[in-house]
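Q: Okay, here's the structure, questions in a sec.
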Amino acid sequence: GAGVSQTPSNKVTEKGKYVELRCDPISGHTALYWYRQSLGQGPEFLIYFQGTGAADDSGLPNDRFFAVRPEGSVSTLKIQRTERGDSAVYLCASSFGPYNEQYFGPGTRLTVT
Amino acid sequence: AQRVTQPEKLLSVFKGAPVELKCNYSYSGSPELFWYVQYSRQRLQLLLRHISRESIKGFTADLNKGETSFHLKKPFAQEEDSAMYYCALKEDSGGSNYKLTFGKGTLLTVNP
């Protein structure tokens with residue numbers, strides 16, 4: 001079946017602009033995660049959704065970052081007033097439940113110029 | 001806070017040689033440990049987890065709680081093993097046992 005998909009695959013934006021990154025999880029997976037991977041680093045946890053609610057958003061770096069999952073499926077990560085330091089690959093993962101294997105998407109490479 | 005350390009950024013071996021990718025962790029409880037792999041132009045995928053105690057693609061990893069290590073080993077490396085390898089940890093309790101903490105990764109190159 002289809003894996004986790006993310007759009008766009010690449011996004012170039014100017015400093016100060018607003019961006020939205022989309023994640024389509026595997027059908028039936030109730031748990032969804034966002035991670036951020038900066039150059040030379042491993043993925044770092046941002047936020048975890050169980051169903052529609054954000055069960056843990058402790059990894060969001062500041063209030064410019066926000067994520068939603070209104071119908072318990074697709075999720076959107078929103079970044080306001082982008083900064084050059086936001087440049088990274090944003091990874092989405094989903095799992096059947098929080099204790100099950102996480103399946104990763106291909107990532108969105110965000111470049112802030 | 002938990003931490004995962006992969007001391008080698010790069011590791012290069014010849015085909016047929018043994019390979020060991022090191023991973024050390026710091027966590028006060030009993031964590032669940034994983035190895036993830038990312039082949040060129042592919043997505044991150046799970047290679048193995050310590051609780052399943054199985055060998056995947058010839059790789060094994062043993063959790064050593066005394067040394068807080070989870071090194072990945074393969075006796076005879078193949079060229080197709082060339083990839084980025086990440087060690088990761090999940091807490092065993094405390095309400096955060098869904099969150100993966102990753103190391104910085106080791107790029108393994110297997111030369112012909």
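Q: Assuming 0.890 mPa s and 25 °C, estimate D for chain A with Stokes-Einstein, Rh taken as the Kirkwood radius over Cα pairs, in µm²/s.
A: 177 µm²/s
Q: Follow-up question, since we're still on this one. How big is the Rg/Rh ratio for the stretch B:49-110, C-alpha atoms only, Rh by Kirkwood, two decimals?
A: 1.00
Q: Tell me which GluC sites (Glu not before Pro) from the stretch B:1-87 have a DSSP coil assignment and no more than 12 other beta carbons within 10 Å of their own.
A: Those that pass, being in a loop and sparsely packed, are B:GLU54, B:GLU67.
Q: Return the carbon/sulfur percentage of the accessible area of chain A, one whole number, probe 1.4 Å, all protein chains in place.
A: With neighbouring chains kept in place, the figure for chain A is 48 percent.
Q: With charges set only on the Cβ (+1 for Lys and Arg, -1 for Asp and Glu), what does the dipole of chain A come to about its Cα centre, in debye to the nearest 20?
A: With Lys and Arg at +1 and Asp and Glu at -1, about 400 debye.
Q: Can you pull the accessible area of B:ILE56 for me, 1.4 Å probe, Å² to the nearest 10?
A: Around 50 Å² of this residue is reachable by solvent.
Q: For the charge dipole of the stretch B:3-111, defined by +1 on Lys and Arg C-beta atoms and -1 on Asp and Glu C-beta atoms about the Cα centroid, which residue among B:LEU21, B:THR101, B:PRO75 has the Cα displaced farthest towards the positive pole?
A: B:THR101
Q: Suppose every Lys and Arg Cβ carries +1 and every Asp and Glu Cβ carries -1, with no other charges. What dipole size does the stretch B:33-112 come out with about its Cα centre, to the nearest 20 debye?
A: 180 debye
Q: If you don't mind, there's one more thing I want to ask. Using 7 Å Cα-to-Cβ label points, what is the B:GLU67/B:MET84 separation (nm, one decimal)?
A: 2.7 nm
Q: Taking the Kirkwood radius as the inverse of the mean 1/r across Cα pairs, report the Rg/Rh of chain B.
A: 0.97
Q: Got the relative contact order for chain B handy, in percent, Cα pairs under 8 Å and 6 or more residues apart?
A: Here the relative contact order equals 38 percent.
Q: Right, next: Taking a probe of 1.4 Å and counting only protein heavy atoms, give the total accessible area buried between chains A and B in Å², rounded to the nearest 100.
A: The contact between B and A buries close to 1600 Å².
Q: A further question on this structure: Within chain B, how many lysine pairs that are 8 or more places apart, or on different chains, have C-alpha atoms less than 21 Å apart?
A: So the count works out to 25.
Q: Could you tell me which of B:LEU10, B:ILE51, A:TYR35 has its Cα farthest along the dipole of the protein assembly as shown towards the positive end, charges placed at Cβ (Lys, Arg +1; Asp, Glu -1), taken about the Cα centre?
A: It is B:LEU10.
Q: Another one. Would you mind getting the accessible area per residue of the stretch B:3-111, heavy atoms of the protein chains only, 1.4 Å probe, in Å²?
A: 50 Å²
Q: At 1.4 Å probe size, what's the solvent-accessible area of A:HIS29? Round to the nearest 10 Å².
A: 20 Å²
Q: In the stretch A:1-78, what chymotrypsin sites (Phe, Trp or Tyr not before Pro) fall in a loop by DSSP, with at most 14 other Cβ atoms inside 10 Å?
A: Listed in order of number, the matching sites are A:TYR18.
Q: If the cut-off is 16 Å between C-alpha atoms, which lysines fall inside it for A:LYS15, apart from same-chain ones fewer than 8 positions away?
A: Cα-Cα hits under 16 Å: A:LYS78.
Q: Within the stretch B:13-60, which chymotrypsin sites (Phe, Trp or Tyr not before Pro) sit in a loop by DSSP and count at most 13 neighbouring Cβ atoms inside 10 Å?
A: Taking the stretch B:13-60 and a limit of 13 other Cβ atoms within 10 Å, the loop chymotrypsin sites (Phe, Trp or Tyr not before Pro) found are B:TYR39.
Q: Same structure again: Dipole size in debye (nearest 20) for the protein assembly as shown around its Cα centre, Lys and Arg Cβ +1, Asp and Glu Cβ -1?
A: Once rounded to the nearest 20, the dipole reads 480 debye.
Q: List the extent of the Cα atoms of the protein assembly as shown along each of their three principal axes, largest first, rounded to whole Å.
A: 49, 38, 35
Q: Let me ask you something else. Between B:SER12 and A:TYR18, how high is the FRET efficiency from 1/(1 + (r/R0)^6) when r is the Cβ-Cβ distance and R₀ = 45 Å? Nearest 0.05.
A: 0.55
Q: Which value, in Å² and to the nearest 10, is the accessible area of B:ARG3 when all protein chains are kept and the probe is 1.4 Å?
A: Here the residue's solvent-accessible area equals roughly 150 Å².
Q: Do you know the relative contact order of the stretch A:5-112, to the nearest whole percent, from alpha carbon pairs under 8 angstrom that are 6+ apart?
A: Over the stretch A:5-112, the number comes to 36 percent.
The values are calculated or read from the model by the stated rules, or taken from the named source; none is laboratory data. Please read all numbers here as calculations on a predicted model, not as lab measurements. Positions of Cβ are backbone-derived with ideal geometry, glycine not excepted, and every protein chain shown enters the neighbour counts. Surface accessibility is based on the protein's heavy atoms, side chains included, excluding ligands, DNA and RNA. Shrake-Rupley method; radii C 1.70, N 1.55, O 1.52, S 1.80 Å.
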